[in-house]
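First up is the structure itself, then whatever we jot down about it.
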Amino acid sequence: NAGVTQTPKFQVLKTGQSMTLQCAQDMNHEYMSWYRQDPGMGLRLIHYSVGAGITDQGEVPNGYNVSRSTTEDFPLRLLSAAPSQTSVYFCASSFEGSGNTIYFGEGSWLTVV
Amino acid sequence: AQSVAQPEDQVNVAEGNPLTVKCTYSVSGNPYLFWYVQYPNRGLQFLLKYITGDNLVKGSYGFEAEFNKSQTSFHLKKPSALVSDSALYFCAVKWSGAGSYQLTFGKGTKLSVIP
């Protein structure tokens, strides 16, 4: 039972480089999202998707891009990495509906130098 | 707008003593409330949630939380703390209306259980 799987676990980027964080879930969840976690700030929503082909911005979308071509996958792209994007990134998923529990992946630790 | 406050950055408790991690929230309309726990270098694990019904919610690992609408609070409690409960705890809120997708988190409370 894999749940929400994120890769890579750790990554170091140089300023200006681009990269993609991968996220996959095997629970047939309609809703998927990306959060970033920064010290003393909790988790903040970057982008989310309510189904294949449908995405929307969260609280902190600038500098990130997403797409949802399948129900299972929801990659997060950093277009031109900046030191301010050094953070821990979490992918999450749930069945659609406000009361449903959101399940999180193990996280991706990203450092931009 | 919705928000969550966890007023304590850190809570220290002796092993075997009861523990409380505080959470207050602000949301328009009825809230859905969640608690998550995060161990070092790990993802968030779901502990419990309040959707409707009984104000006392029981969750994983012996934790429970009490929803108090008048005080807009959802404090996490456990009768007897274990050293293994030491972790970072997050309270989160979501508006219960249709089309509500954003889970808003507090800043987290670090719980240290002292042997």
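The numbers here are math on the coordinates, done by the rules we state, and not lab data. Because the structure is predicted, anything quoted here is derived from the model rather than measured. Reconstructed Cβ throughout: ideal geometry from the backbone, glycine too, with neighbour counts over all protein chains shown.
Worth a mention:
- Taking only the Cα atoms of chain B, the radius of gyration and Dmax are 13.6, 46 Å.
- Rounded to the nearest 20, the size of the Cβ-charge dipole of the protein assembly as shown about its Cα centre is 320 debye, with Lys and Arg at +1 and Asp and Glu at -1.
- Mean partner shielding of peptide A:37-45, defined as the number of other chain Cβ atoms within 10 Å of each residue Cβ, is 5.
- Interchain or long-range residues, amide H under 5 Å from B:Phe67's placed H: B:Leu56, B:Val57
- Residue-wise HN-Hα couplings along region A:96-106, as the Karplus relation 6.51 cos²θ - 1.76 cosθ + 1.60 with θ = phi - 60° gives them from phi, are 5, x, 4, x, 6, 5, 9, 9, 10, x, 7 Hz; Gly and Pro carry x.
- Cross-link pairs exceeding 31 Å between alpha carbons, from the set A:Lys14/B:Lys49; A:Lys14/B:Lys94; B:Lys69/B:Lys107; A:Lys9/B:Lys69: A:Lys14/B:Lys49; A:Lys14/B:Lys94; A:Lys9/B:Lys69.
- In this simple spin-label approximation, B:Gln45 and A:Thr111 carry label points 7 Å from Cα along the Cα→Cβ vector, and these lie 2.7 nm apart.
- Averaged over the residues of peptide A:96-107, the number of Cβ atoms from other protein chains lying within 10 Å of each residue's Cβ is 6.
- For chain B: relative contact order, % (alpha-carbon pairs under 8 angstrom, 6 or more apart): 38
- Annotation for region A:48-100: chymotrypsin sites (Phe, Trp or Tyr not before Pro) lying in DSSP loop with at most 14 further Cβ atoms inside 10 Å of their Cβ are A:Phe95.
- Cα→Cβ-extended label distance, 7 Å offset, between A:Ala82 and A:Ser69, nm: 2.8
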